[in-house]
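The values are calculated or read from the model by the stated rules, or taken from the named source; none is laboratory data. Every value quoted in this text rests on a predicted model; they were computed, and no experiment measured them. Cβ placement follows ideal geometry from the backbone for every residue including glycine, while neighbour counts extend to all protein chains displayed.
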Amino acid sequence: MKFTYTNKSCLVLGAGAAVLASTLLWSTPLIASDYSFSGESNTIFRMRTSITDKTISPAYEYLRLTMTDKLSNGSGVAFHLGAWGRADLGDKPDDHGTNGNLQYAYLTYQAAKNNSVFTIGRQFISEGVAAERIDGVYLRNDFKYGIGVSAFAGSSVTTEALANPKYQGGDLIYGSRISQSDKQMYSIGLSALKSESTTTRNYREEEGLDLWLRPHQQVDINGRSTYNSITNGWMENSYAISYAPTSTLSLGADFSHVNFKDYLFNVTTPALSVNNPLWSYNNKQTAYGAGASYSASKNLTVAADYKFYRYDQSGDASYFGAKASYKLPDNLLAGGGIHRMNGDVDKLRYTEYRAFIAKKINQADLTLDAINVNYDKNINGISNSYVVTGAAGYEFNPKLKVRGDLQYSKSPDFDNEVRALVMATYTFDTKFAAEGGTKSEK
Amino acid sequence: MKNKIAIVSLLLLMTLLYACAGTTSLPRTHPELLSQSPNCTECHTDSWGALNHRAPDFMSKHRFYAASTRQTCNSCHHESFCTDCHANKEDIKPSDKFSDAPERSLPHRGDYMTQHRIDGKVNPVSCVKCHGRTNNVRCASCHK
């Protein structure tokens, strides 16, 4: 059974999380020394004009909490929670005036041996063919001979429940991955997932092969092939190779091939479904490319890349360009690049330019970022689109930072658009460097 | 009967392999404090060196690492780091939230309202990875 999150329930969840965080924060002196409690609060105010000329000025609260308990035998238990809520202070961008989401909330146990992990709650599963957010359980374990096994089961989290059952994401999803690896040389995995809904037991059924080869210290090969057992076709074959002959030079190449009818099967977004008349059911997409990066000095890095795309209905296109960045640690960062998309059809012919600079002065930092795209053929009578963003921040202390930015843009949709954002970030952590390097919420 | 024997045999085999495994779990937190975008090859000569965040193709390949060794990511990153981009519902695009970090490879920088009409028509596959099954509220507000 799937629980649908309404704005009201999200607001209640967000308020609950805030109360829980406050309670835990104030009670931290009472917590035993093996516990640690950390978190981050981001309070955001935005202002922009909508495409229908409404003045949108929402306020957001993003809250992230982590509580860990390191047990004496080397194992550990942790609870992670992330949620956000929004209240509209000006015109409402939708019919609600409030919104929110429980992004994740799970309890996890990791044993001292065999990488045994058990997790329950709302979590993101990333295991072979599965890249799913579920409300459910996950477990994994290492066995002899480099064998690892993981499994998960639960309900897919969907946030926009549509009336058509085809786009509701299924009710039950479960899957598994078995891998065999040698930490020096390779890892190869076989995985599968299945999803069922109230109307069909075969909502999704996918299998995958993933591999990671490191035949030489300077060579790294990754890849994945996924198969759709319902449509009986390969969804995706995607492989990449990297070669770093020296510490300053890195070369890479990649290849991918996707079949639309298999890859876009039973997605929950109608616009991206194989049923969308924008593209043919049997469309395929092939892409391959290469890139190189060279660190000319400790501070300067230059890179170039090329990618060729073959679309069944839009013809061929080449995307290529170069970029450079210059960095003085804790002082200055500057960079820029130019890329060209050169395709058979008008919409695949444009040139992108970007330049940015960021400067740190004591506790303050300043950033300027400009992006411009020139279209070979005008869109809505406009030949280019640009966005210029200026940001300034000040770190009052290691726990509190306030930042504001102003964005000006001209595009085929907006003549002169100004957007503003102010964000206050407050971090709290009861135990710094308890286990060596602490993890931050960033 | 044969199925039951096969299942029991498999369970016995897995129990034996589990009992004999005896590996030490990855540390829940990386033992050394790391700066942003670490070059893992500075210390690691084995496969962990491949996770060098400064490699030019690390961003395009990080999905492979996450799908095969997520625990390694977890030793440095909290869930919130992944959720900054891989959200199941989000109002603010990552490049707007982190406009003070121009060096980060964040999706949809610049005027993506125009660009999405190009990407969406010629390459919907790139959209599906993040918006095909979740984080599609904004898609659905126009694309019913």
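Every condition in (1) within 12 Å of another protein chain (Cβ to nearest Cβ); (2) closer than 28 Å to A:T286 by Cα; (3) part of a loop (DSSP other than H, G, I, E, B) holds for A:T246 except the one numbered (2). Would you mind telling me which numbered condition in (1) at pLDDT below 95; (2) surrounded by 17 or more Cβ atoms within 10 Å (Cβ to Cβ); (3) of a type outside the set (G, A, S) A:P277 fails? Among (1) at pLDDT below 95; (2) surrounded by 17 or more Cβ atoms within 10 Å (Cβ to Cβ); (3) of a type outside the set (G, A, S), the lone unmet condition for A:P277 is (2).
Selection of region B:113-125 for residues being buried (at least 17 other Cβ atoms within 10 Å of the Cβ) and under 23 Å from the mean Cα position of the chain (by Cα) yields B:G120, B:N123, B:P124, B:V125.
For residues that are of a type in the set (S, T, Y) and surrounded by 22 or more Cβ atoms within 10 Å (Cβ to Cβ), scanning just region A:127-157, find the one that is nearest to A:L190 (Cα to Cα).
A:S150
Would you mind stating whether B:C127 is at pLDDT 85 or above, within 23 Å of A:I371 (Cα to Cα) and in a helix (DSSP H, G or I)? Against the criterion (at pLDDT 85 or above, within 23 Å of A:I371 (Cα to Cα) and in a helix (DSSP H, G or I)), B:C127 qualifies.
Of all residues in region A:358-414, those being out of contact with any Leu (no Cβ under 6 Å at 6 or more places or on another chain), within 9 Å of another protein chain (Cβ to nearest Cβ) and of a type in the set (D, E, K, R) number 5.
Which one of A:T108, A:T98, A:T66, A:T119 is hydroxyl-bearing (S, T, Y), crowded, with 19+ Cβ neighbours inside 10 Å and more than 10 Å from chain B (Cβ to nearest Cβ)? Exactly one residue qualifies, and that residue is A:T119. The residue list A:G337, A:G343 contains one member that is more than 16 Å from B:Q115 (Cα to Cα) and either within 12 Å of chain B (Cβ to nearest Cβ) or surrounded by 16 or more Cβ atoms within 10 Å (Cβ to Cβ) (or both), which is A:G337. Looking at the structure I just gave you, is B:N136 within 8 Å of chain A (Cβ to nearest Cβ) and either buried (at least 20 other Cβ atoms within 10 Å of the Cβ) or more than 21 Å from A:G85 (Cα to Cα) (or both)? So B:N136 fits the description; yes.
Taking the numbered list (1) among the hydroxyl-bearing types (S, T, Y); (2) in a strand (DSSP E or B); (3) out of contact with any strand residue (DSSP E or B) (no Cβ under 6 Å at 6 or more places or on another chain) in turn, A:S72 passes all entries but (2).
Summed over region A:75-109, residues that are outside any loop (DSSP other than H, G, I, E, B) and either farther than 23 Å from B:S80 by Cβ or in contact with a Pro (Cβ under 8 Å, 6 or more places away or on another chain) (or both) total 3. Scanning region A:193-227 for residues that are within 12 Å of another protein chain (Cβ to nearest Cβ) and free of Cβ contacts under 8 Å to residues at least 12 places away in the same chain yields A:H216, A:Q217. Taking region A:415-429 as the range and being touching a helix residue (DSSP H, G or I) at 6+ places or on another chain (Cβ under 9 Å), within 11 Å of chain B (Cβ to nearest Cβ) and not charged (D, E, K, R) as the test, the residues that pass are A:L421, A:M423. Whenever a residue of region B:92-106 is more than 12 Å from A:T389 (Cβ to Cβ) and at the interface with chain A (Cβ under 7 Å from one of its Cβ atoms), it has no partner that is of a type in the set (V, I, T) and surrounded by fewer than 18 Cβ atoms within 10 Å (Cβ to Cβ) lying with C-beta atoms less than 6 angstrom away and at least six residues away or across chains.
When the residues of region A:202-261 are filtered to those that are within 18 Å of B:S68 (Cα to Cα) and aromatic (F, W, Y), the one that is surrounded by the fewest Cβ atoms within 10 Å (Cβ to Cβ) is A:Y239. Here B:S141 meets each of (1) facing another protein chain (nearest Cβ under 9 Å); (2) touching a residue at least 40 places away in the same chain (Cβ under 8 Å); (3) hydroxyl-bearing (S, T, Y) with one exception, condition (2).
Mind listing just one residue for me: the one in region A:183-202 that is touching a Pro at 6+ places or on another chain (Cβ under 9 Å) and not polar (S, T, N, Q) and, of those, nearest to A:M235 (Cα to Cα)? Give the steps one after another, and end with the answer.
Initial filter on region A:183-202 (touching a Pro at 6+ places or on another chain (Cβ under 9 Å)): A:185-186, A:197-200.
Checking which are not polar (S, T, N, Q) leaves us with A:185-186.
Details: A:M185: 27, A:Y186: 24 Å.
It comes out as A:Y186.
Annotation note: Cβ proximity below 9 Å between a residue of region A:313-333 that is polar (S, T, N, Q) and at pLDDT below 90 and a residue that is part of a strand (DSSP E or B) and crowded, with 17+ Cβ neighbours inside 10 Å (sequence gap 6+ or interchain) occurs for A:S314/A:G343; A:N331/A:K360. Of all residues in region A:267-317, those being more than 8 Å from chain B (Cβ to nearest Cβ) and under 30 Å from A:E196 (Cβ atoms) number 9.
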